[in-house]
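The values are calculated or read from the model by the stated rules, or taken from the named source; none is laboratory data. On a predicted model such as this, the values are computed, not experimentally measured, just so you know. Neighbour counts are summed over all protein chains in view; Cβ atoms, including those assigned to glycine, are modelled from backbone coordinates with ideal geometry. Ligands, DNA and RNA are stripped out before the accessible areas are found, and what is left, the full protein with its side chains, is counted by its heavy atoms. Shrake-Rupley method; radii C 1.70, N 1.55, O 1.52, S 1.80 Å.
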Amino acid sequence: MLKFLVFATCTLCNSIIVQAHPVESNSINVIEVEEETENVFRDNWNYKLEQSRVPVLSNFIRNHTLPPTSNGTSRLLWELDQEKTTHLPQFVDKALKLLNLKQVAFEIENSVMSRVSCTACRAGAGLLQHYTRVGKSEKEIKKTIYQFCVNLKIQSPRVCEGITELFAGEVIYVLSKVKIGPDEICSFVIGDACGDVYNPYHEWEVMFPPVPKPTIVEQKVPEVNAPTFKVLHLSDTHYDPYYMEGSNADCSEPLCCRLTNGPANSKETAAGKWGDYRKCDSPKITVDNMLQHIQETHPDIDYILWTGDLPPHDIWNQTKEENLKILKDTVKQMSDMFPGAPIFPALGNHESAPVNSFPPPFVDNPDSTISWLYDELDIQWRKWLPSSVSNTVRRGAFYSVLVRPGFRLISLNMNYCNNKNWWLLLNSTDPATELQWFIYELQSAEFNGEKVHVIGHIPPGHSDCLKVWSRNYYAIISRYESTITSQFFGHTHYDEFEVFYDHKDLSRPISIAYVGPSVTPYYDLNPGYRIYYVDGDHDKSTRSVVDHESWTMNLREANLYGYPIWFKLYTARQAFGMDALRPQDWDDLVGKMTNDPKLFELFYKYYYKASPVRPTCDTACKKRILCDLHSGRSHDRKNLCQSIESRIDSTSSTTWREWLYNTISVSMSVLMSIPRFTIQLPKYVLGLG
């Protein structure tokens, strides 16, 4: 959001910036950064720690009842189609339209950047660097940002003030320390949309031990009727303690449905009892109801994956104390609701205050350190994790635990790949030595014959993940493909996945990352959660995911009738006609969806958790989503998505008959959603006569 304000501030004065402070040559800038950073921004942590050898999960053999298998065809849930509308920010000021600020705000909020955001980024970074170099104080710069924010009506005065105070100091400090120019900064932060500007200082590679990669064995379908683990995956709760039923849900701020938004002017703009499809987070009553439903419906859960983002989206109004309170309250709630189940958490990007601010260990300034959060995480997570993880949790909020003999779980702090974490501009080289530690843990697991599950928050193929970090992670997954059997992430709020391929042979799928749906409906979504069935304890266990099912509730109906009804939306193998959930099976599904519009429409329905307000998905939307599924490596769509986009283009031509059918289908779904409405159409219109 600060970047949005800076972008808005600087679009007006871009030409002045270029004249006042031309960008220096890349080579000189890089040398200056290297000289300064090598002396200040680094640490020498010894990542070779002794692994925990005591299993967290109790010794038992359980055979859960798996969902029914596929009959070879996928199914369409047409009854879930309802009226589709979209909710976009209401920017009516003519100046904002001329400056394309609406598009910039939308792109920043949705992490889908274009050249518009790139231009704004370069202007903003250039202006801030110019201000710091001409000697303007932090107070003066903050005042300028605030005035532009208010005068251009980018946000309300209180939001402008909060964002300026929370974010400006950190960004100003970082930009004053680096010597690279706006081109390098924005290529680093935004990625593809700003071009691939070469910057040697932010090009680094992890080191692999001199151990040959084991011979690749083709992954087999897990044995039928073998014991399984039943695993709950919760992500992106975004619990809002200040949500208020009846408040304004259509406000002009980043988060609505709160007491401070005032009462709604009409019934249509009022926040519902159980939540809202607009920019509103989860009320306590909804989180409580969901956890109670899970406890009653799934009493046989063996363990829980909890992949972060606990606080709400009021990023202009957050404090460390408030975020810690939400952390403590939600940990207590989870402990009370699931007293017998181990819970394996991962850290989200919203847990810090300000959001996305995760200084690596080399930032030892008492005013900037992140120890206030990591130390409390160690205390709270200790309810489920052994004391042996304390060292790495307090250092970087990552850890490794033995779940069962031969089965390990590694939780990564994905904020060290977050390109909105501006501290990484100081030194992006494997922050907190996390990836090198990750390799050490994986190599030890390989030596011990252990299979590994990886959890985290930001998916490594998402555009929010730094290109250089994602590329190194991709190489690690490729090297240890025989050890890592599944990955689990959150962050996007959608129900999706990412397929990983051999980094030397992009035609061979080797791993799958499951991206779990969000609990929050923010925004245009139904709330949801995921259940996995994992190959359990037996002699030939693969420790891979055997099947998974996604659960949701219809938020519109819950608000209409006064109570939510949680239901199983779909089961992966049955819905998509899959024999198993191996990487090859998911790769085949992406290929089928590229050529089969109805299958993609089914996936798109589940992607939005059957939300009745999901937007229409055009060809560009379809390309983006299928490319995301194909991309475990961020900012590399050229290599990973070219064939998919070509196939979509070749099949996107629509016949008149198809157009007429689709038009009538959409119209019928809207009309039939009106109570007591019936309609008769001639048979020849429907193609039946």
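Gln292 label point, 7 Å along Cα→Cβ, cut-off 13 Å on backbone N: hits in segment 551-567? What the label zone holds, given the 13 Å backbone N cut-off, is 563-566. Prolate is the label for segment 547-586, because the ratio a/c of its alpha-carbon gyration tensor axes (a ≥ b ≥ c) is 1.5 or higher and a/b is greater than b/c.
Separation of the alpha carbons by more than 28 angstrom is noted, of Lys451/Lys609; Lys153/Lys467; Lys568/Lys622; Lys143/Lys267, for Lys451/Lys609; Lys153/Lys467; Lys143/Lys267.
Expressed per residue, the C-alpha convex hull volume of segment 313-463 stands at 124 Å³. Sorting Ile439, Ile565 by solvent-accessible area of protein heavy atoms yields Ile565, Ile439, largest first, with a 1.4 Å probe. Couplings 3J(HN,Hα) of segment 281-290, computed from phi: 9, 7, x, 4, 4, 6, 4, 4, 5, 5 Hz, in residue order, whole Hz [Karplus 6.51 cos²θ - 1.76 cosθ + 1.60, θ = phi - 60°; x for Gly and Pro].
May I have the convex hull volume per residue, in Å³, for the Cα set of segment 460-575?
Values: hull volume 15.4 nm³, N = 116.
About 133 Å³ per residue, rounded to a whole number.
The H on the amide N of Asp502, modeled in the peptide plane, is under 5 Å from the matching H of Arg508, Ile510, each at least 5 residues off or on a different chain. Reducing segment 452-494 and segment 332-360 to their Cα centroids gives an inter-centroid distance of 19 Å.
Under a 5 Å amide H cut-off, with hydrogens placed 1.01 Å from N, Tyr303 pairs with Lys230, Leu232 among residues at least 5 apart or on other chains.
For segment 502-514, backbone phi angles converted through the Karplus equation (6.51, -1.76, 1.60; θ = phi - 60°) give residue-by-residue couplings of 4, 5, 9, 9, 6, 9, 10, x, 10, 7, 10, 10, 8 Hz, Gly and Pro being listed as x. When a 1.4 Å probe is rolled over the protein heavy atoms, the share of accessible surface on segment 438-571 that falls to carbon and sulfur comes to 51 percent.
For segment 193-236 versus segment 551-575, the inter-centroid distance based on Cα atoms is 32 Å.
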